[in-house]
Amino acid sequence: MCHCDGLPVLETYILIIISTVFVNNIVMAKILGLCPFMGVSKKLEAAIGMGLATAFVLTLASGASYLVNEYLLGPELFYLRTLSFIVVIAGIVQFTEMFIHKSSPVLYQVLGIYLPLITTNCAVLGIPLLNAQEQHDFVESLFFGAGGALGFTMVLILFAGIRERMETCDVPSPFKGTSIAMITAGLMSLAFMGFSGLVK
Amino acid sequence: MLAAILVMSGIAVAIGLALGWSAIRFKVEGNPLAEKIDAILPQTQCGQCGFLGCRPYAEAIAKGEADINLCPPGGEEGVKKLADLLGVEPKPLDETHGAPKPKSVAFIDEQTCIGCTLCIQACPVDAISGAAKQMHTIIAAECTGCELCLPPCPVDCITMVPIAEDLPHWKWKHPVVMLKQVSGDWNA
């Protein structure tokens, strides 16, 4: 994704952020992480909590999986990527849960069940795998993870806002509930296609 | 192949150690015993034990500051369960804190109620609905029968109605099995 060689370092990172948040949004363009996107978007507060928790884990996970991929697996053991990344992510989620429980009981209460659920979020596995595929370096991986998380959080909050408003709409009965949510997600995805071509 | 096994076990061991360390390092000071005791207490929040509610009483028992036989709504059965949990001898209920009564809910005589809201303020579980100068009523499903609304009522319009044993409230009785005298040779 990052064919921006020759650009100053800072611009590279800004481009990564813009690219992951808008152009190659993990949910809208790559269609990853749909389960929390559909599942935790009924209420705005829950969406914000889920987004923040995912952002935290995703950034940590992309850094950690870069280290695992670079220094433990290398080119010979590339076939262990998925397996080892899952193990690393599960460990990070556990660690995050313990850390938040200790450091901020209020945040722990707010995030509640969403914290362990992050383990099963395919976006969290997808971004480290994409990192490995695109051969990002460590800082680029971190920015890619943070950008992806930011994009996920933004889309989740937007979608939750739309769904909350849709509660009061007069939706024809065959489309009520999940079906109209699916249609809305499709329309949002179409809207995000407008960004394509902005950054390669 | 060997390298793959080594790497995966290495990752697993490293993460296991890190999680084990952080489980000790970030241990949250909770009191699981108080949780268990609180689960046994009847949650009437009546305060007859002398504590503000069931949770403070549970914490006091867990710390060893209170005796286990101060809860009349829990009755002898509750004392027995607490004794089982804590591994102490069950004691008879301390009668100074009140006697166990049949489970009942409060009932407001709506003809007499003047809408003073005093009982609403006394109710620990928000089981009374009403507003100033409006007739009040008890939400029977929420009422724990703690009787805290009786004293504040200026017109004595609240009575305790025992819960009738109808279908929704029927419970299995404790089994009473007649033991037969066994005689004869055990080895036969």
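The values are calculated or read from the model by the stated rules, or taken from the named source; none is laboratory data. This one's a predicted model, so the numbers in the text were calculated from it and none came from an experiment. Backbone-built Cβ (ideal geometry, glycine too); neighbour counts: all protein chains shown.
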task = Could you list all residues from the stretch B:20-66 that are of a type outside the set (D, E, K, R), free of Cβ contacts under 8 Å to residues at least 24 places away in the same chain, out of contact with any His (no Cβ under 8 Å at 6 or more places or on another chain) and closer than 24 Å to A:Thr96 by Cα?
result = B:Gly20, B:Trp21, B:Ser22, B:Ala23, B:Ile24, B:Gly30, B:Pro32
ask   = Inside the stretch A:52-79, can you point out the residues that are within 11 Å of another protein chain (Cβ to nearest Cβ), at pLDDT below 90 and either surrounded by 15 or more Cβ atoms within 10 Å (Cβ to Cβ) or outside any helix (DSSP H, G or I) (or both)?
value = A:Leu72, A:Leu73, A:Gly74, A:Glu76, A:Leu77
ask   = Looking at the stretch A:165-200, which of the residues that are among the polar types (S, T, N, Q) and part of a helix (DSSP H, G or I) is farthest from A:Gly33 (Cα to Cα)?
value = A:Ser173
message = Just the residues that are surrounded by 15 or more Cβ atoms within 10 Å (Cβ to Cβ) and either under 28 Å from A:Leu83 (Cβ atoms) or within 14 Å of chain A (Cβ to nearest Cβ) (or both), please, taken from the stretch B:22-51.
response = B:Ser22, B:Phe26
query = In this structure, is B:Leu19 part of a helix (DSSP H, G or I) and more than 10 Å from chain A (Cβ to nearest Cβ)?
reply = no
message = If I ask for residues that are part of a loop (DSSP other than H, G, I, E, B), in contact with a helix residue (DSSP H, G or I) (Cβ under 8 Å, 6 or more places away or on another chain) and crowded, with 20+ Cβ neighbours inside 10 Å, which ones from the stretch B:128-147 would you list?
response = B:His136
query = Given A:Phe152, A:Phe138, A:Phe144, which one is more than 14 Å from every other protein chain (Cβ to nearest Cβ), surrounded by fewer than 21 Cβ atoms within 10 Å (Cβ to Cβ) and hydrophobic (A, V, I, L, M, F, W, C)?
reply = A:Phe138
request  = Mind listing whichever residues of the stretch B:101-117 are surrounded by 16 or more Cβ atoms within 10 Å (Cβ to Cβ) and free of Cβ contacts under 8 Å to residues at least 40 places away in the same chain?
outcome  = B:Cys116, B:Thr117
note = Those residues of the stretch A:80-132 which are away from chain B (no Cβ under 11 Å) and among the polar types (S, T, N, Q) amount to A:Thr82, A:Ser104, A:Gln109, A:Thr119, A:Thr120, A:Asn121, A:Asn131
task = Could you identify the single residue in A:Glu97, A:Glu45, A:Glu70 that is more than 23 Å from A:Ile157 (Cβ to Cβ) and either of a type in the set (D, E, K, R) or touching a residue at least 40 places away in the same chain (Cβ under 8 Å) (or both)?
result = A:Glu70
key: Failed criterion for B:Cys71 (all others in (1) part of a loop (DSSP other than H, G, I, E, B); (2) modelled with pLDDT of 85 or more; (3) more than 20 Å from B:Lys171 (Cβ to Cβ) hold)   = (3)
